[in-house]
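Notes follow the structure.
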Amino acid sequence: MTEASFEAFVPRVPFTSMRVDPPHAEESSHEPAERRERSSETRSETRAEPRREPPRACYTAAEMQHLVDKAATLLEALPYIRRFHGEVFVLKYGGHAMIDPALRDSFARDVVLMKYVGLHPVVVHGGGPQIDATLASMGVVSERIDGLRVTDDRTMEVVEMVLGGRTNQEIVSLIGNHGGRAVGLTGRDDNFVRATRVTEMKTKSGKSVDPGRVGQVTTVRPDVVRRLIETGFIPVIAPIAVDEDGRSLNVNADTVAGKVAEALDARKLVLMTDIEGVRGKDGVVMSSLSAAEATALREDGVIDGGMIPKVACALEALAGGVKKAHIIDGRTKHAVLLELFTDLGIGTEITR
C-alpha cells in the first residue's frame, strides 16, 4: 500500500454546477420604471457572464485504475474499521516520526482519520531528542542508564518545559491543523499518573547510581482521559508523573503508554520505533508472535538492545488486559493506518 492510499479518499475532479436563473414573475404595468430598468440590467449582466468549460467526460485508463486501487484500499480497511469502532487505541509517538516534518504530518493525519471513523486514539509522546537539544544549549550533559535519563532537579525543569510544554502543544496544534480536536495534559493533571521514585540503578560496570527524579508508575486513574474521549477530544499525554508528595517525576514514555492502555482497557497498544519490528532467529521481521514466543526470543537473546524494553512494555500491557500490542516503524509514512487497517500490516503484532 502507498502513501496515496490514505492521502485522499475523494479524487480532486474539477466540476461545474449548472446555474439556473430564478424564474421572474411577469412584470406588472404598475411596477416603477426605475425598478424595471435595474431588473433588466441585472439579467443582462448575468447573461453576459462567460460560461465555464464543462468537466471531462471520462478518465484515462491509468487514472481509472488509480481510482479503483483507492476503492480497493477502502474495502480492505472496512472490516477493521467496523471491528474497531468505539474502541480505545493508545499510540506511543516517538523517535524519528517526531522530527521529520513529513512524518509528523503523516502521524497527525492518521490520528485524525482514526477519530473520524469512530475509533478513540490516545497519544502518549516522548521527546528525548528535544530534551537533549535544550540541555545542550544550556551546557548541561545528560546521562542515560538502560534508556532512562538521570534526572536532577535542573534537568526535571527542562523535561517539564519541553515535554509538558512545547512538544505537547506542538502535537496538539498539528492534530488541530488537520481537523482534529486535541487536548494536551501530563500525569500531573488530576494527578492521574502516580509513580514512586527509582532510588537506585546500576550502570554496565555494576556501579550503583541514584537516577534522581526518575519514576516508576504505580497507578493510573484514567477518569480525566475518559472524559476527554467521551466529549470528542484526542488526549495527548506527556510522560510526567507525580509522587505522593506532589513532586513531578520523569517516566519512560513507553511505560506510561502501556499503563494508560491497561487503565483504559484499550483494544490495542501501538509503540512507534525507528526499526521495522521484532526480528526472529532468521533475522526476518515477524508480522505476528504470541506473548510466549516473544518471551522465549527474549530469553534466547534474539530480542536484545533497545527492543528489550519495547517488548517488555508490550508483554506487561497484554498481561494487564490490553488485547494486542504492535511495534511498528514510525519512519514509514502513515505507519499507524498501514498496521491497523491492512491485512499484512507493516510491523509486529504481539498477542496474548
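Only the coordinates and a few stated rules stand behind these numbers; no lab work does. Given the structure is predicted, the values throughout are model-derived calculations rather than measurements. A quick note on method: Cβ atoms are made from the backbone with ideal geometry, for glycine too, and the neighbour counts reach across all protein chains shown.
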Surpassing 31 Å at the alpha-carbon level, of the pairs K115/K202; K70/K115; K115/K281; K207/K323; K92/K281, are K115/K202; K115/K281; K207/K323
Within region 63-152, the percent of DSSP beta bridges that are antiparallel, given to the nearest 5, stands at 25
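For region 137-238, state which GluC sites (Glu not before Pro) are in a DSSP loop and have at most 10 other beta carbons lying within 10 Å of their beta carbon.
Sites meeting the loop and neighbour criteria: E200.
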A student applying the Cα gyration tensor rule (rounded when a/c is under 1.5; otherwise prolate if a/b is larger than b/c, oblate if not) would label region 151-306 oblate
For region 341-352, in residue order, the Karplus 3J(HN,Hα) values (coefficients 6.51, -1.76, 1.60; θ = phi - 60°; whole Hz; Gly and Pro = x) are 10, 10, 5, 8, x, 10, x, 10, 9, 10, 10, 5
Computed ³J(HN,Hα) along region 206-223: with the Karplus parameters 6.51/-1.76/1.60, θ = phi - 60°, integer Hz and x for glycine or proline, the list is x, 6, 7, 9, 7, x, x, 8, 9, x, 10, 5, 10, 9, 10, 9, x, 4
Here the gain from full extension of E160 to T231, 0.36 nm per residue of separation minus their alpha-carbon distance, amounts to 22.9 nm
About its Cα centre, region 73-155 carries a charge dipole, from +1 on Lys and Arg Cβ atoms and -1 on Asp and Glu Cβ atoms, whose size in debye to the nearest 20 is 320
The rounded separation in angstrom of the Cα centers of region 265-298 and region 314-331 is 8
Where a ≥ b ≥ c are root eigenvalues of the Cα gyration tensor, a/c under 1.5 meaning rounded, otherwise prolate if a/b exceeds b/c and oblate otherwise, region 303-352 counts as oblate
Here the FRET efficiency for E63 versus I99, based on Cβ atoms and R0 = 22 Å and rounded to 0.05, is 0.05
Here region 92-105 yields Karplus 3J(HN,Hα) values (6.51, -1.76, 1.60; θ = phi - 60°; whole Hz; Gly and Pro given as x) of 8, 9, x, x, 5, 5, 8, 10, 6, x, 5, 6, 4, 5
Final fewest-first order of D153, D274 on the 10 Å Cβ neighbour count is D153, D274
The residues M161, M138, M201, sorted from fewest to most surrounding Cβ atoms within 10 Å, come out as M138, M161, M201
Measuring from its Cα centre, region 58-265 shows a charge dipole (+1 at each Lys and Arg Cβ, -1 at each Asp and Glu Cβ) which, in debye to the nearest 20, is 120
Quick calc: nm separation of the 7 Å Cα→Cβ label points for I145 and A291 -> 3.0
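Only Cα pairs under 8 Å and at least 6 apart count here; give the relative contact order of region 58-265 as a rounded whole percent.
23
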Here, R247 and A319, labelled 7 Å along Cα→Cβ, have an inter-label distance in nm of 2.9
Projected convex hull area of region 90-195, Cα atoms, direction-averaged, in nm², equals 7.5
Given Cβ charges of +1 for Lys and Arg and -1 for Asp and Glu, the option among Y116, G127, G139 whose Cα lies farthest towards the positive end of the dipole of region 111-183 is Y116
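So for each of 237-244, 257-264, 208-215, 68-75 I average, over its residues, the number of other beta carbons within 10 Å; can you give me the resulting order with the highest mean first?
257-264, 237-244, 208-215, 68-75
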Gyration tensor (Cα only) of region 58-265 to equivalent ellipsoid, semi-axes in Å sorted down, yields 37, 20, 15
The extension gain from D190 to T218, computed as 0.36 nm times the residue separation minus the Cα-Cα distance, is 8.5 nm
One finds the C-alpha centres of region 239-258 and region 145-177 to be spaced, in Å, by 12
